[in-house]
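Here is the structure we will look at, set down as structure tokens.
The values are calculated or read from the model by the stated rules, or taken from the named source; none is laboratory data. What you see is a predicted model, and the numbers here were worked out from it, not measured in a lab. Cβ placement follows ideal geometry from the backbone for every residue including glycine, while neighbour counts extend to all protein chains displayed. Only protein heavy atoms, including side chains, enter the accessible area calculation; ligands, DNA and RNA are left aside. Shrake-Rupley method; radii C 1.70, N 1.55, O 1.52, S 1.80 Å.
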Amino acid sequence: VIFAHDTEVALAAAAALVNTGLNDGDQLDSPPALEAFARRWQWSGVGELGRTDVEQVDRLRPVLHGLWHTDTDTAVAVVNDLLARAHALPQLVKHDQWDYHLHATSAAAPLAERMAVEAAMAMVDVIRTQQLDRLRTCDGKDCQDVYVDLSKNSSRRFCSGSCGNRASVAAYRARRR
Ligand SMILES: [Zn+2]
Ligand SMILES: [Zn+2]
């Protein structure tokens, strides 16, 4: 285990959020699309979402994406800013099937704020343990997706199995040529 479970889930969710704005254009351009994304990543108590939520999430995405390509000091500034803006107040909570984990916003906070703070809290762990280099961009040809490398020896190169498979097929064909 590299990080605490809730940190790993939050990092995966942040990467997935960033990726909704890459490769295939904006996949969260409407309230229903955002709602489906929030459900898929098991955000609890997501109420009715509107255009404002879509716009706020759209503004958050590039900020989080920036964390994938930066040095520690810049990442710290971004994370501290996200936490300060949301007046984050860490609390241990237990709900649904989840054992104790951190929440730092109220359940009533807007979705974008909850997403921002959850990602920022996870980044606190990443930065404190000096693992910022685990935030990677896919090596796949024509793929810009980001991911978090949680492998033991820090050797993951692709966002997904399919990008990895495509790369091995290409390498195989290149060898045969
Ligand atoms: Zn929770
Ligand atoms: Zn990829």
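The table below lists the values:
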{"quantity": "Solvent-accessible surface (1.4 angstrom probe) belonging to HIS69, in square angstrom, nearest 10", "calculated": "110 Å²"}
{"quantity": "Using alpha-carbon coordinates, inclination of helix 51-66 to the longest axis of the chain, degrees", "calculated": "50 degrees"}
{"quantity": "Solvent exposure, largest accessible area first (probe 1.4 Å, DNA, RNA and ligands not counted), of TYR172, TYR100", "calculated": "TYR100, TYR172"}
{"quantity": "Long-range HN-HN contacts of GLN144 with modeled amide H, under 5 Å", "calculated": "ASN23"}
{"quantity": "Choice from GLY47, GLY164, GLY140 with maximal GNM fluctuation in the chain (Cα, 10 Å cutoff)", "calculated": "GLY47"}
{"quantity": "Relative contact order of the chain, pairs being alpha-carbon contacts under 8 Å that are 6 or more residues apart, as %", "calculated": "25 percent"}
{"quantity": "Global form of the stretch 115-157, assessed from the alpha-carbon gyration tensor, a/c cut-off 1.5", "calculated": "oblate"}
{"quantity": "Convex hull volume per residue for the stretch 9-50, taking Cα atoms only, in Å³", "calculated": "63 Å³"}
{"quantity": "Per residue value of the accessible surface for the stretch 20-177 (all protein chains in place, 1.4 Å probe), Å²", "calculated": "61 Å²"}
{"quantity": "The chain, Rg to Rh (Cα coordinates; Rh as Kirkwood inverse mean 1/r)", "calculated": "0.99"}
{"quantity": "Cβ-defined net charge surrounding ALA116, 12 Å radius [Lys, Arg +1; Asp, Glu -1]", "calculated": "+1"}
{"quantity": "Acute angle (nearest 10 degrees) that the helix 5-19 long axis makes with the longest principal axis of the chain, alpha-carbon atoms", "calculated": "70 degrees"}
{"quantity": "Local electrostatic count at ASP133 - Lys and Arg +1, Asp and Glu -1, tallied over other residues with Cβ under 12 Å", "calculated": "+1"}
{"quantity": "Cα-based helix-to-principal-axis angle, 31-40 vs the chain, degrees rounded to 10", "calculated": "80 degrees"}
{"quantity": "Accessible surface of the chain, 1.4 Å probe, proportion on carbon and sulfur as whole %", "calculated": "51 percent"}
